[in-house]
1. Contact list please: Cβ distance under 6 Å, first residue in the stretch 1-27 and closer than 21 Å to Glu114 by Cα, second residue of a type in the set (Lys, Arg), pairs at least six apart or on different chains.
2. Search the stretch 68-97 for residues that are in a strand (DSSP E or B) and pair each with any residue that is aliphatic (A, V, I, L, M) when their beta-carbon atoms are under 7 Å apart and the residues are at least 6 apart or on different chains.
3. If the requirement is being touching a strand residue (DSSP E or B) at 6+ places or on another chain (Cβ under 8 Å) and surrounded by 14 or more Cβ atoms within 10 Å (Cβ to Cβ), which of these qualifies: Leu79, Leu51, Leu44?
4. Would you point out the residue of the stretch 98-107, among those that are touching a residue at least 24 places away in the same chain (Cβ under 8 Å) and within 17 Å of Leu44 (Cα to Cα), that is surrounded by the most Cβ atoms within 10 Å (Cβ to Cβ)?
5. Can you tell me which residues in the stretch 1-45 are assigned to a helix (DSSP H, G or I), in contact with a helix residue (DSSP H, G or I) (Cβ under 9 Å, 6 or more places away or on another chain) and among the aliphatic types (A, V, I, L, M)?
6. Testing Lys42 on (1) assigned by TED's automatic domain parsing to the domain that holds Gly92; (2) farther than 13 Å from Thr95 by Cα, one condition comes back false. Which one is that?
7. Any chance you could count how many residues in the stretch 41-67 are free of Cβ contacts under 8 Å to residues at least 40 places away in the same chain and either closer than 13 Å to Ile26 by Cα or in contact with a Ser or Thr (Cβ under 8 Å, 6 or more places away or on another chain) (or both)?
Amino acid sequence: MRHGVKINHLGRKTAHRKALMRNMAISLIEHKRITTTLAKAKALRVFIEPLLTKAKTDDMHNRRIVFSYLQNNNAINELFNIISPKIADRPGGYTRIIKLERRVGDAADMALIELVDFNEIYNTSAKVGEEKKKTRRGRPKKSATTESTQEPKVEAKAEEPTPATDEATSTTAE
């Protein structure tokens, strides 16, 4: 029974698990997104979120603490110089896990783990004046394009009884 066990051992001994988390964290920092199994992605999120929180304040003490986990100077420099300014105003939740299709060989649940602030696809900030995404509930609101297409139809009906159009049709008939 696993009463009170809060860590996923991932079928590895402690040293192997620490090395795995270290290597995956370094890869995530360097590439901003990695594809792995769902269990490893969830374990990596627990491992790297506190390191990203410590990277928000750039001082020697926090650099040494993060270095004790990662043991890679290039990753430390990238984390403190490039990543930390982007996540400085975020109160947490620095990573996103997206489930993918199962792996072909062994049908393992696969996932994509990425840094939230470095994804340009999902990181679309809503600007003032833009319309929100439309839902399928209810009837659609009239947009500027539908109003512009409806107005000429109304004007065309209003122009038919005017005498200028009668004269134009009589000149073309002659």
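The values are calculated or read from the model by the stated rules, or taken from the named source; none is laboratory data. Every value quoted in this text rests on a predicted model; they were computed, and no experiment measured them. Glycine gets a Cβ as well: all are built from the backbone with ideal geometry, and neighbour counts include every protein chain shown.
1. So the pair list comes out as Leu10/Arg17.
2. Thr95/Ile48; Thr95/Ile113; Thr95/Leu115; Thr95/Val116; Arg96/Val116; Ile97/Ala41; Ile97/Ala111; Ile97/Ile113
3. Of the residues listed, the single one that is touching a strand residue (DSSP E or B) at 6+ places or on another chain (Cβ under 8 Å) and surrounded by 14 or more Cβ atoms within 10 Å (Cβ to Cβ) is Leu44.
4. Result: Leu100.
5. Leu20, Met21, Met24, Ala25, Ile26, Leu28, Ile29, Ala41, Ala43, Leu44, listed by residue number.
6. Of everything listed in (1) assigned by TED's automatic domain parsing to the domain that holds Gly92; (2) farther than 13 Å from Thr95 by Cα, Lys42 misses just condition (2).
7. 7
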